[in-house]
Amino acid sequence: MNTYDLRTFDPYEADFFFVPVYVSCNFSTVNGFPAIGHARSLISSAIQLISSNYPFWNRTQGSDHIFVASHDYGACFHAMEDRAIDDGIPDFMKNSIILQTFGVNYKHPCQDVEHVVIPPYIPPESVRNTLEKYPLTGNRDIMVFFRGKMEVHPKNVSGKFYGKKVRTEIWRRYNGDQRFYLQRQRFAGYQSEIVRSVFCLCPLGWAPWSPRLVESVALGCVPVIIADGIQLPFPSAVKWSEISLTVAERDVGKLGRILEHVVKTNFSTILKNLWDPAVSKALLFNDHMQEGDATWQVLESLYKKLDRSYKRS
């Protein structure tokens, strides 16, 4: 950011203040289930610190301060939707700007705050390393790919089934179908499978979004988004309707027919749009910001919120 003269160390020159509290650095799991119950107290203590030592929070009650909430349901800080809704966004964050991976295109308590939907972080070097070994234009011998949790009998946690049973339905209907390469076990090198695939399934988990979405785009595999109502990041930079497919959760049983139809009709156009380097660039956070990359897109989004700047007003 220094390269583009966008960062200042003089707080009286600043439009916005980034609060570097990284809840996920203390991310824990209990039986494989994410636990971020410490988030509220951690952020609350940070706000107490900056509001006690500096004048900037108090003069706007935090409306020009920016936080990151890269969790299932953003700043609600819970992986289960019903619990997240019950807990809501903490009052001390409700005036601020939240950079969050969670986004839906309908009213939801966990995005009832000024926010920017951002893509989940995928290390750019992992993408570059994969493409060095397997070129984007190489042989794609897998038609439909998915690797991840697909329970034959979904676990019922607090009355809720994981992924609304969408992944289970995919496994039941298409396991054994030669067009579908479905794997339920983890594999460290699974990017090498994505880059060999034509279509990559991106079904919802607990929340609608998934890192698979970014990996699919970056590695040239057409994302098949199965998450009703999802709000996708940076729509002005990424024309999602031109590079991906959206399948309703209720239509997962028709996946085979839908994808066969696309192959016979507008597949080449989708692929051409998807392989535009600017598309994958807009979804990747580089260590040193580049014009057009994900960090750049965040700043573009914040530029539109300059009316929240105390300095400007």
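The dipole here belongs to the stretch 124-282: it is taken about the Cα centre, uses +1 on the Cβ of Lys and Arg and -1 on the Cβ of Asp and Glu, and is about 420 debye.
Per the 1.4 Å probe, what fraction of the accessible area of the stretch 124-282, in percent, lies on carbon and sulfur atoms? Please report the intermediate quantities before stating the final value.
Working: 3920 of 7840 Å².
It is 50 percent, rounded to a whole number.
Among the trypsin sites (Lys or Arg not before Pro) in the stretch 66-110, which ones are in a DSSP loop with at most 14 other Cβ atoms within 10 Å of the Cβ? Mind listing them? Don't skip to the answer; put the middle values down first.
Working: sites: Arg83, Lys94, Lys107; in loops: Lys94, Lys107.
Hits after loop and neighbour filter: Lys107.
In the stretch 124-282, what percentage of the DSSP-assigned beta bridges are antiparallel, given to the nearest 5? Can you show the working numbers first?
Values: 2 of 16 bridges.
For the stretch 124-282, the DSSP antiparallel bridge percentage is about 10.
Ranking Gln191, Gln231, Val116 by Cα position along the charge dipole of the chain, where only Lys, Arg, Asp and Glu carry charges on their C-beta atoms, puts Gln191 farthest toward the positive end.
How much length, in nm to one decimal, is gained on full extension between His153 and Ser126, taken as 0.36 nm per residue of separation minus their Cα-Cα distance? Before the final figure, lay out each step's value.
Numbers: separation 27, 0.36 × 27 = 9.72 nm, distance 3.32 nm.
So the extension gain works out to 6.4 nm.
Please give the FRET efficiency for Asn95 paired with Ser24, using the beta carbon to beta carbon distance and R0 = 25 Å, rounded to the nearest 0.05.
Working: r = 23 Å, r/R0 = 0.91.
Computed FRET efficiency for Asn95 and Ser24: 0.65.
Between Leu136 and Ser45, full extension at 0.36 nm per residue minus the direct alpha carbon distance yields a gain of 28.1 nm.
By Kyte-Doolittle mean hydropathy of at least -1.0 and Cα axial length of at least 18 Å, which whole DSSP H helices of the chain are selected?
Numbers: long enough: 39-53 (21 Å, 0.61).
Qualifying helices, which must be both long enough and hydrophobic enough, are 39-53.
Averaged over its residues, the chain has an accessible area of 51 Å² per residue, based on protein heavy atoms and a 1.4 Å probe.
What does the helix-only formula give at 222 nm for the chain: each DSSP H stretch with n ≥ 4 adding -39500 (n - 2.57), the total divided by the residues, and the result rounded to the nearest 500 deg cm²/dmol? Before the final figure, lay out the partial values.
On the way: 12 runs with 94 residues, N = 313.
Calculated mean residue ellipticity at 222 nm is -8000 deg cm²/dmol.
The distance linking the stretch 261-306 with the stretch 95-167 is 16 Å (Cα centroid to Cα centroid, whole angstrom). Given in Å, the Rg to one decimal and the Dmax to the nearest whole number for the Cα atoms of the chain are 20.5, 63.
Using Cα-Cα distances under 8 Å and only pairs 6 or more residues apart, what relative contact order does the stretch 124-282 have, in percent? Walk me through the intermediate numbers first.
Numbers: 221 pairs, mean separation 36.0, N = 159.
Across the stretch 124-282, relative contact order equals 23 percent.
The values are calculated or read from the model by the stated rules, or taken from the named source; none is laboratory data. Predicted, not measured: the structure shown is a model, and the values here were computed from it. All Cβ positions, glycine included, derive from the backbone under ideal geometry; neighbour counts span all protein chains shown. The area values use the complete protein model at the heavy-atom level, side chains included, leaving out ligands, DNA and RNA. Shrake-Rupley method; radii C 1.70, N 1.55, O 1.52, S 1.80 Å.
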